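The values are calculated or read from the model by the stated rules, or taken from the named source; none is laboratory data. Just so it is clear, the model here is predicted, and its values are computed rather than measured. Here the Cβ positions follow ideal geometry from the backbone for every residue, glycine too, while neighbour counts run over all protein chains shown. Surface areas here come from the heavy atoms of the whole protein model, side chains and all, with no ligands, DNA or RNA. Shrake-Rupley method; radii C 1.70, N 1.55, O 1.52, S 1.80 Å.
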Amino acid sequence: MIEKDFESVIELRKKRKMTQRDLSKITGLNIRTISRFENGETISATSEKKIYIALGYDFLQDTDLYLEKVKRSFDKQASGYNEYTLLTDNMYLNRILNIGHPFKGKRVLDLGCGTGLLSLSLADKADEIFALDISNGMINSLKSKIKKREIKNIKAIKGDIHDTQFPDNFFDTIICVLSFHHFHDIRRVMQILKRILKPFGEIIVVDIYTSSDEGENILQNTCEKIRDFSHNKFFTSRELKDLLKDFDFGGLEIEKFEVKRNYKDWIKMANFEDRDRILYNLLKGMALNGITMGSDLKLDKDTIKFTQNMVTIKAINFKSF
């Protein structure tokens, strides 16, 4: 429980002249759950979201609280993170390793490293690897693996890229897998990456991209935020390319691919408990009504299936010495 969470809830509830009973009626939660939350006890993420929505509180605008929630979200996900297909399937890992080849003699930043599957794969290829993640759970998992395998060239660091202390022109290569959509201030992150990457160093971004259709874009991002409150925003492929170009990254090499998903595995990755089947029924209703969200959403018997569109972009850091 974050102290600021329940303090802000109590303050907002009183400001709106609402009792706990009023909040209970709006959210559908029992008064005991609301009382526990306001007393600083941990309740489910789903219940917490209902309270925020009912009070109209946008914690994404509160940087400190948002970052703390990102940490909590990924601490919760750490135990099942190794099951993510994109990271465990050698085909996807090799895609990332091949586009960055060769790594020999290079200092590499694995940004948003998670439990370190990519860093561990780079250990015998790069000279030095800095694995950075905001989550204690993720970093502790990686440190345990490093110790067990007696790896000497990976430095596992708990930290936030928005406020990093890495020196200028420090890295030869920066790799960021499935993290761009979590960053609270993407332009600040890009400024920092520009600074810490050497001239003509490489950045490799792998992420999900959303539909260029505004309605489909909103639906995809909304459903993702319900599943995982650390989610900020999926970008379109054009937005990702323009973002890199805005900061004078050039020579873009772009490869698009698809990852097939089903609902059960998708929510498991975030340890999301859809106890009331709200998200499931939302997706099911859209599928039955032919709303694909631009991701080929469909219902196969009782299984919800969809496609995540992925992009790998490698770019060169053009800047003066």
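For the structure I just gave you, tell me whether residue 297 is in contact (Cβ under 8 Å) with a residue 40 or more places away in the chain, surrounded by 14 or more Cβ atoms within 10 Å (Cβ to Cβ) and of a type in the set (A, V, I, L, M, F, W, C).
Answer is no for this residue.
Looking only at the range 226-244, how many residues end up being open to solvent by 20 Å² or more (accessible area, probe 1.4 Å) and at pLDDT below 95?
Here the count works out to 5.
Please indicate, with yes or no, whether at least one residue in the range 136-151 is free of Cβ contacts under 8 Å to residues at least 12 places away in the same chain and among the basic types (Lys, Arg).
The answer is yes; a qualifying residue exists.
Checking the conditions here, which among 269, 286 is over 19 Å from residue 207 (Cβ atoms), touching a helix residue (DSSP H, G or I) at 6+ places or on another chain (Cβ under 8 Å) and either at pLDDT 90 or above or open to solvent by less than 90 Å² (accessible area, probe 1.4 Å) (or both)? Step through it out loud before you land on a result.
Details: 269 fails: over 19 Å from residue 207 (Cβ atoms).
Only one candidate passes the filter, namely 286.
Mind checking which residues of the range 178-194 are open to solvent by 10 Å² or more (accessible area, probe 1.4 Å) and either in a strand (DSSP E or B) or more than 18 Å from residue 114 (Cα to Cα) (or both)?
185, 186, 187, 188, 191, 192, 194
Only one residue in 146, 151 is among the aliphatic types (A, V, I, L, M), more than 23 Å from residue 313 (Cα to Cα) and in a loop (DSSP other than H, G, I, E, B). Which one? Can you show your working first?
Working: 146 fails: in a loop (DSSP other than H, G, I, E, B).
Unique residue meeting the criteria: 151.
Which one is nearest to the chain's Cα centre (by Cα), of the residues in the range 199-240 that are within 16 Å of residue 270 (Cα to Cα) and among the hydroxyl-bearing types (Ser, Thr, Tyr)?
Only one residue fits best here, namely 230.
Which one is nearest to residue 256 (Cα to Cα), of the residues in the range 154-177 that are part of a helix (DSSP H, G or I) and at pLDDT below 90?
Here the answer is 162.
Picking from 276, 248, which residue would you name as being surrounded by fewer than 17 Cβ atoms within 10 Å (Cβ to Cβ), in contact (Cβ under 8 Å) with a residue 40 or more places away in the chain, in contact with a helix residue (DSSP H, G or I) (Cβ under 9 Å, 6 or more places away or on another chain) and at positive phi?
On the way: 276 fails: at positive phi.
Answer to the check: 248.
Can you tell me which residue in the range 195-218 is surrounded by the most Cβ atoms within 10 Å (Cβ to Cβ), limited to those that are without any contact (Cβ under 8 Å) to a residue 12 or more places away in the chain and not hydrophobic (A, V, I, L, M, F, W, C)?
Of the residues in the range 195-218, the ones without any contact (Cβ under 8 Å) to a residue 12 or more places away in the chain are 214-215, 218.
Applying the additional criterion that residues be not hydrophobic (A, V, I, L, M, F, W, C) yields 214-215.
Values: 214: 8, 215: 11.
It comes out as 215.
Among the numbered conditions (1) assigned to a helix (DSSP H, G or I); (2) open to solvent by less than 30 Å² (accessible area, probe 1.4 Å); (3) within 30 Å of residue 294 (Cα to Cα); (4) at pLDDT 95 or above, tell me where residue 221 comes up short.
So the condition that residue 221 fails would be (4).
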